[in-house]
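The values are calculated or read from the model by the stated rules, or taken from the named source; none is laboratory data. Just so it is clear, the structure is predicted and the values come from calculations on it, not from any experiment. All Cβ positions, even for glycine, are placed from backbone atoms using ideal geometry, and neighbour counts span all protein chains on display.
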Amino acid sequence: MAKPPEEDAYAALRSSGLLLAIPTLLIVSPLAGFFLGVWLDRWLHTRPWLSIVGLALGFVAAGRETWLIYRRTLEAEERQKKKEK
Amino acid sequence: MGLEFLARVRSSTLWLAVLAALMVANYAGWRMGLGLAAGAAWSLANLWTLERLVVTITGSERRTAPSARRAGCVLAGMLALFGAGALLLRGLPPAALVAGFLAPFVVMTFKAAATLLLDSPLWARLTRSPWRALALVLGVAALAWAVAASLPSLGGASPAHEPQAPAAAPAAGHAGEPAAKPEGGSSTGPEKFANVVSVLVKANPGAEWAHRLHRFEPVVFSLLVALLLSLVAFLATRKRQLIPGPLQNGVEYVVELLYDFVVGILGPKYGPRYVPYLGTLFVYILAMNLFGLIPFMDSPTSSLNVTVGLALCTFLYVQYTGIRELGALGYVDHMAGSPRSAISWCMVPIMLPVHLIGELAKPVSLSCRLFGNVFGEDMLLVAFTSLGVATLSFMHSPVGIPWQFPFLVLALLTSTIQALVFTVLSTIYLLLMLPHEEHGHEEASQPVH
């Protein structure tokens, strides 16, 4: 098969791919949490509490995922800098 | 054979049970789905304990004290399993539990039959000629179609319940001729271009087969795309040469580009393992996106069902990768936020749902983005084609101004971008699930196959 690609030839693509995931996760995570909460509310007859909890957890999840992605990107950049030195 | 065969049965049963439980939960209620999943889990655990017991009793250390202890533990585990089975029978539907319990045996029977068939001279004769093999595939597809038609829930529904083809063309004229209305028929927005299936439905308004074809329209088109791609792959690899012909050269170039792309992101240690899945995903989505630009064809990715299916495949593959790379306990630890202190243990009830929501958001975002873009692109083309026809309608012109032409060129670009975005994000989700410190290229030495 093909030989391994040049080291870090795709570093920019990896970083941009990681950062590309952020906006959608920021939007979709609270929505996913909210709709999960609505579904649980309907099932357990607890409207509106679980929807609110789901929304809040969705925001936390979005923040957490963003933080993880940001940390991963920073680490990749640091590795790249070390290699250049 | 032997233990390896059993391990393959376990892994196949696990996938089958998850998919079957999801489908049953959707169509027959969550209790039935849960019952099927619990039955399959019970059966798998029972098989595993039996396997351990046999290995312990018949192994080379069978007369030693550790072996006796292991056998005792396994027997205690089996007793606990029987207790759990009794509890499950009290709480869940017995039919679903039994169906789940039988799943490993069904898989085992099919695997054994497949092994016998694949080793037989009949199979060797059938697959020696690609045309005979193609005839076999078409025969199996026709059989599957006939079986699906005989099931009342899939194909036997009364035509009265099926969506009807539109009776009249819209004001847009023949260039903007509509496909059949979406299911439910309540949509008032612009309709998609006519495709070969909608034309067939219109030509055969009373035929049940045509309505069934319309019902499975995205499936039909996605199968057609898969068939075309398989044909290209077959023709490109049929007579491989050291100095390749144009088709082999083109396919090799695409494969090499995708290999470099995936390995560039995931690193040489993990990348090669995921090239087949991610490469296929890109080529398949790109072909499906572009398929709608061919006259009388439709983009299967303009149906949410197809994009959700693709996103679910990625979601399940990412979770499977997590379990395989981190181990079952490591995966649970990862989902719980890797608690290492008393405070972080207290945070587990919050972190677990947070992580679950984060994971669920990924397939939702993947599927909605692809569906929205491709569907919007189709609608844009329909709107501008209709505008082109309407512009010259005062002259009773049989043709319109091709206002849609620039958007066709734009569609070529956006189709590629959407396929690329889906693949990049799937790769990133895999990257986030892989062990943390392993992505650096400096650590990687040999590719893992």
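Taking the stated definitions as given, is B:LEU278 more than 26 Å from B:GLY376 (Cα to Cα), touching a residue at least 60 places away in the same chain (Cβ under 8 Å), in a helix (DSSP H, G or I) and not hydroxyl-bearing (Ser, Thr, Tyr)? Here the answer is no, as B:LEU278 does not meet what is asked.
Of B:ARG69, B:ARG52, B:ARG62, all but one fail to be modelled with pLDDT of 80 or more, basic (Lys, Arg) and more than 27 Å from B:PHE110 (Cβ to Cβ); the exception is B:ARG69. Residues that are within 14 Å of another protein chain (Cβ to nearest Cβ) and surrounded by fewer than 16 Cβ atoms within 10 Å (Cβ to Cβ) are absent from the range B:313-335. For residues that are charged (D, E, K, R) and surrounded by 13 or more Cβ atoms within 10 Å (Cβ to Cβ), scanning just the range B:205-264, find the one that is farthest from the chain's Cα centre (by Cα). So, considering only residues that are charged (D, E, K, R) and surrounded by 13 or more Cβ atoms within 10 Å (Cβ to Cβ), the one farthest from the chain's Cα centre (by Cα) is B:GLU208. Within the range B:111-129, the set of residues being polar (S, T, N, Q) and within 18 Å of B:ALA7 (Cα to Cα) comprises B:THR115 only.
Of all residues in the range B:263-276, those satisfying the criterion of being more than 16 Å from A:ALA76 (Cβ to Cβ) and either among the aromatic types (Phe, Trp, Tyr) or more than 9 Å from chain A (Cβ to nearest Cβ) (or both) are B:ARG273, B:TYR274, B:PRO276. If you scan the range A:25-36, which residues turn out to be surrounded by 20 or more Cβ atoms within 10 Å (Cβ to Cβ) and either touching a Phe, Trp or Tyr at 6+ places or on another chain (Cβ under 8 Å) or within 9 Å of chain B (Cβ to nearest Cβ) (or both)? Those that are surrounded by 20 or more Cβ atoms within 10 Å (Cβ to Cβ) and either touching a Phe, Trp or Tyr at 6+ places or on another chain (Cβ under 8 Å) or within 9 Å of chain B (Cβ to nearest Cβ) (or both): A:LEU25, A:VAL28, A:SER29, A:PRO30, A:ALA32, A:GLY33, A:LEU36. Restricting to the range B:387-434, give me the number of residues that are within 14 Å of chain A (Cβ to nearest Cβ) and farther than 16 Å from B:SER367 by Cα. Looking only at that region, the number is 5. Run down A:ARG42, A:ARG79 and say which single residue is in a helix (DSSP H, G or I) and crowded, with 16+ Cβ neighbours inside 10 Å. Testing whether each residue is in a helix (DSSP H, G or I) and crowded, with 16+ Cβ neighbours inside 10 Å leaves just A:ARG79. Look through the range A:60-70, keep the residues that are surrounded by 12 or more Cβ atoms within 10 Å (Cβ to Cβ) and out of contact with any Ser or Thr (no Cβ under 7 Å at 6 or more places or on another chain), and return whichever of them is farthest from the other protein chains (Cβ to nearest Cβ). Out of the qualifying residues, it is A:TYR70.
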